[in-house]
Amino acid sequence: MTNTTTIYKPHGTIAQKLVQMMQDFENSNRIKQQQVGEKEAAPVNKAQKPKHKISANKAIIPVIIILAILHIIIIFLIMSINRYTGALSQAQRSAGIYSNDASSFMGNTMQLSETASSYILMPQTENGEVNYAPLFTYAAAFFSNHRGEQVLQNFKTYDVSDPVKGLLAEANTSSDYMIETQLHSLALMSSVYPIPDIEPLNQIPLPALTAEESSMTDEQRENLSRALFLDREYTNNRGQVNAKVGQVIGMIQGAAQAKAGEMSAVISRLRSVMWITTATIIVILVITFVMLYRWILNPLGKFTKQIPTGEPLDEQEGFKEVTVLAEAYNDVLKRRNALDAILRSAAETDALTNLQNRYSFERYILELEDRKSPMAVLLFDVNYLKQTNDTLGHLAGDRLICTAANCISDSFGEKCYRFGGDEFAAIVEDCTPQSLQKMIDKFQVYEKMSNVSISYGYAYTPDLSKTTIKKLIDEADRNMYTQKRETHRKHDSR
């Protein structure tokens, strides 16, 4: 929240200065008009000829009206092109999403079939142990959101034709049959080669065996398990899934291509009209430039020498049009300076978590060298980020990082930083061991509530002048990695 407030404050200041500048401009115009009126009322010295001033308004107003109309036309054309281009992009993105969903459904179905097959056809390893490794992959695929029913529900909300939904429903029926057969086969085989009672294997919903199946010998149940899996109907259903999902993808891409062709033709016509309108504007501008060269461009020569220096232009120089140009440039110059301040703020903020970044952290610790107050430095490292990225994808990993960032910032205040990746830091000033412990307790509660694992380590000093910030960071880093190793050791020993 602090960073956001800092970003928006400059805009308010610029707006106030712009209003003040416009008021000053109006006041100066009134003064100039009064001065001109006084000069016209005074007797003219015959030896000195008055300057012949030409009002550019009379000549340029008709041109402005024409240009305004043409610009409105161009704006309308640009908006229309953008609208059609956006619709075309959205249609292509939607087609990609639909195709990816259908492909993920087919991939999930094949993964379930192949991993179940690996266990059923080879339930034991060469060492005589149960070959339950493929079942981990099977469980992950079984509980993923790419299952047929989930994808089918997604397609009910998609803008696709009824035949596409019908084909996908038929593919889902075949997939459901395959899954029922897989679970039945796994139940038979697990009765001979028991599956360990560990997550997520114990979450697989294996059906209970019938009385007849329970009375069979181990060899009979094993043979029946393979027979179910190698049955022709199972193979036919697998082929149906591939064929129908392939048809779905083809129909989605075909519809997207047809729609893209229609929109591209409309965009091409709009662009042709826009080019004609633009050419007309260019011709008018050339004529206007020739007409106004003598009365406006000459004072602009002075401005060209001032602009490279970055200094404000004299807003009293030249005719009104030149003055307006000078005012516009000065406004842009002020806005640029304000934008520089905004960009500096953005450079110190991590885009994903909105925490301050490593640059901000390093800049801040340089300011702490002369402090004598109590201080604590905490370093954090998110556990199991790689596993999350590998199993659930990088979007899930980003959510994990954001969750960890919230836990840290909510517990330790504003001075929280993200170094990059899964590494964070926090600095707590003017704290006591008791207040620091309360923050850590609060952090651990948030960590548990958010279902995230974060290793941390900290270093505390009652007087920063008796040590250095680097020593505190090194000590916190060692403590953090000690806890991280212990966390992974406990996890690996389960």
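In table form, for the structure just shown:
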| read-out | value |
| --- | --- |
| Selection within the range 158-174 - acidic (Asp, Glu) and not in a loop (DSSP other than H, G, I, E, B) | Asp162, Glu170 |
| Residue in the range 221-239 that is closer than 30 Å to Gln257 by Cβ, modelled with pLDDT of 85 or more and not β-branched (Val, Ile, Thr) present | yes |
| The range 102-129, residues that are in contact (Cβ under 8 Å) with a residue 60 or more places away in the chain, under 18 Å from His184 (Cα atoms) and not in a helix (DSSP H, G or I) | Pro123 |
| Some residue of the range 229-237 being in the same structural domain as Ile97 (by TED's automatic domain parsing), exposed (fewer than 12 other Cβ atoms within 10 Å of the Cβ), touching a helix residue (DSSP H, G or I) at 6+ places or on another chain (Cβ under 7 Å) and within 30 Å of Gln124 (Cβ to Cβ) | no |
| Output for the range 443-476, where each listed residue is part of a loop (DSSP other than H, G, I, E, B) and of a type in the set (D, E, K, R) | Asp463 |
| Single condition Gly148 does not satisfy, out of (1) in contact with a Ser or Thr (Cβ under 7 Å, 6 or more places away or on another chain); (2) modelled with pLDDT under 85; (3) of a type in the set (Gly, Ala, Ser); (4) surrounded by fewer than 17 Cβ atoms within 10 Å (Cβ to Cβ) | (4) |
| Test: residue in the range 116-134 that is in the same structural domain as Val241 (by TED's automatic domain parsing) and closer than 19 Å to Gly250 by Cβ | no |
| Filter result for Met189 (assigned to a helix (DSSP H, G or I) and farther than 30 Å from Met122 by Cα) | no |
| Residues (within 17 Å of Lys156 (Cα to Cα) and either outside the structural domain of Thr235 (by TED's automatic domain parsing) or not hydroxyl-bearing (Ser, Thr, Tyr) (or both)) located in the range 92-113 | Ala95, Gly96, Ile97, Asn100, Asp101, Ala102, Phe105 |
| Selection from the range 173-183 of residues that are touching a residue at least 40 places away in the same chain (Cβ under 8 Å) and farther than 18 Å from Val130 by Cα | Ser174, Ser175, Tyr177, Met178, Ile179, Thr181 |
| Contacts under 7 angstrom Cβ, first residue in the range 239-251 being farther than 12 Å from Glu170 by Cα, partner buried (at least 19 other Cβ atoms within 10 Å of the Cβ), 6 or more apart | Ile249/Ala102; Met251/Val164 |
| Verdict on Cys431 being crowded, with 18+ Cβ neighbours inside 10 Å and in contact with a Pro (Cβ under 7 Å, 6 or more places away or on another chain) | yes |
| Residues of the range 213-231 satisfying the condition of being part of a loop (DSSP other than H, G, I, E, B), under 49 Å from the mean Cα position of the chain (by Cα) and among the hydrophobic types (A, V, I, L, M, F, W, C) | Leu230 |
| Test: residue in the range 259-281 that is aromatic (Phe, Trp, Tyr), assigned to a helix (DSSP H, G or I) and either under 42 Å from the mean Cα position of the chain (by Cα) or not assigned by TED's automatic domain parsing to the domain that holds Ile120 (or both) | yes |
| Where a residue in the range 77-98 is within 19 Å of Ala258 (Cβ to Cβ) and its partner, wherever it lies, is among the hydroxyl-bearing types (Ser, Thr, Tyr) and in a helix (DSSP H, G or I), with Cβ under 8 Å and at least six apart | Leu88/Ser264 |
| Filtered residue count, the range 348-396, keeping only those that are within 22 Å of the chain's Cα centre (by Cα), in a helix (DSSP H, G or I) and not basic (Lys, Arg) | 12 |
| Matching option when the condition is in contact (Cβ under 8 Å) with a residue 40 or more places away in the chain and farther than 21 Å from Ile469 by Cα, among Tyr384, Tyr417, Tyr364 | Tyr384 |
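Condition check ((1) more than 30 Å from Asp474 (Cβ to Cβ); (2) not aromatic (Phe, Trp, Tyr)) across all residues:
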site	(1), (2)
Val332	yes, yes
Asn354	no, yes
Tyr359	no, no
Arg363	no, yes
Leu368	no, yes
Val377	no, yes
Asp381	no, yes
Gly393	yes, yes
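The values are calculated or read from the model by the stated rules, or taken from the named source; none is laboratory data. If you're wondering where the values come from, they're calculated on a predicted model, not measured in any experiment. Backbone-built Cβ (ideal geometry, glycine too); neighbour counts: all protein chains shown.
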